[in-house]
1. Of all trypsin sites (Lys or Arg not before Pro) in region 49-94, which ones are in loop regions per DSSP and have a Cβ with at most 13 other Cβ atoms within 10 Å?
2. Using alpha carbons only, how many degrees (0 to 90, rounded to 10) separate the axis of helix 131-145 from the longest principal axis of the chain?
3. Report, to two decimal places, the Cα Rg of region 132-281 normalised by 2.2 N^0.38 Å (N = number of residues).
4. Hey, what angle do you get for helix 281-299 against the long axis of the chain, alpha-carbon based, 0 to 90 degrees rounded to 10?
5. Given a 10 angstrom Cα cut-off, can you work out which residue in 63, 49, 101 is the most mobile in a GNM of the chain?
6. Which pairs, out of 24/152; 152/236; 37/152, put more than 32 Å between their alpha-carbon atoms?
7. Could you give the spread of the C-alpha atoms of the chain along their three principal axes, from largest to smallest, in whole angstroms?
8. For the chain, take the longest principal axis of its alpha carbons; what is the angle in degrees between that and the long axis of helix 54-65, to the nearest 10 within 0 to 90?
Amino acid sequence: MTGTHRDFLAIPDYTRDELLSLFKLAEDMRNGPYTDKPLAGKSLAMIFMKSSTRTRVSFEVGMWQLGGHALFLSPRDVQLGRGEPVADTARVLSRYVDGIMIRTFAHSEVEELARYATVPVINGLTDLLHPCQVLADLLTIRQHFGSLEGRKVAWIGDGNNMANSWINAAYRLGFSLTLACPEGYDPDAEILRRAQGEADVKIVRDPAEAAEGADVVNTDVWASMGQEEEQAVREKAFTGYIVDESLMSRAQRDAIFLHCLPAHRGEEVSAEVIDGPQSVVWDEAENRLHIQKAIMANMMGGVEL
């Protein structure tokens, strides 16, 4: 929070009660008709230093549905791609728009943008965190189980930005989280340490151990955007980390499978699982729209939680 506006860079930027209110607002928007236009006459600058399908479409459509307008800005469209300081971009955009969403590499860039912007900044993804996606995932768990209370979540794979955001979510909301990561691919140590003081969060090496009795089994690609050159090394490191029917059979019978997409069938997940009856990845993708609308309505439209 800076000045009179608020930023959303990480899940703990919201309190537990605020997160629960945010889910309720997103559910009202999803189950609608939600006809309010809290963003009428407002504009969102969307800076994409990394390409995207779900992030771009969900934010752009969400702005329009709430009465506002979104501008898509790629590295070719903004001077950031040519070396303009982040601080200068923040100051200039703040004179034109009512909010900034950025999807980029270094988390420090988002923090700097928020420091110098005088309008709300929303983290659309960094190499450290992917908070909007994990809030959409939590919304999906609520959709299928009614609540997050007492749920056991398993993360299988890389200790990446998704894993870090799951740990932040457990820190705020208190559910049980077990992450199975290969040696050398652990999540951020500081984020993990903070969460372990508040919730049942642990790292294991065996995917079967993480999946045992889980309500939610979650994974992501082995090599994220920008890591393609590590693909061969990672494939070796992640051998045995595929979420297949055998692994899912260790989870609860009514367990759901989540994946933030895009997925590589046959690598981190089998086609039988992602296209099977336990997969809720399409509901999960849709929920990006609803949770981000709730975030924007709150931060840019003055809708109270």
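A short reminder: the numbers here are calculations on the coordinates, not readings from a lab. What you see is a predicted model, and the numbers here were worked out from it, not measured in a lab. Note: ideal-geometry Cβ built from the backbone for every residue, glycine included; neighbour counts use all protein chains shown.
1. Here the sparse-neighbourhood loop sites are 76.
2. Helix 131-145 sits roughly 60 degrees off the main axis of the chain.
3. Normalised Cα radius of gyration, region 132-281: 0.95.
4. Tilt of helix 281-299: around 30 degrees.
5. 49
6. Those over the limit are 37/152.
7. 54, 43, 36
8. 50
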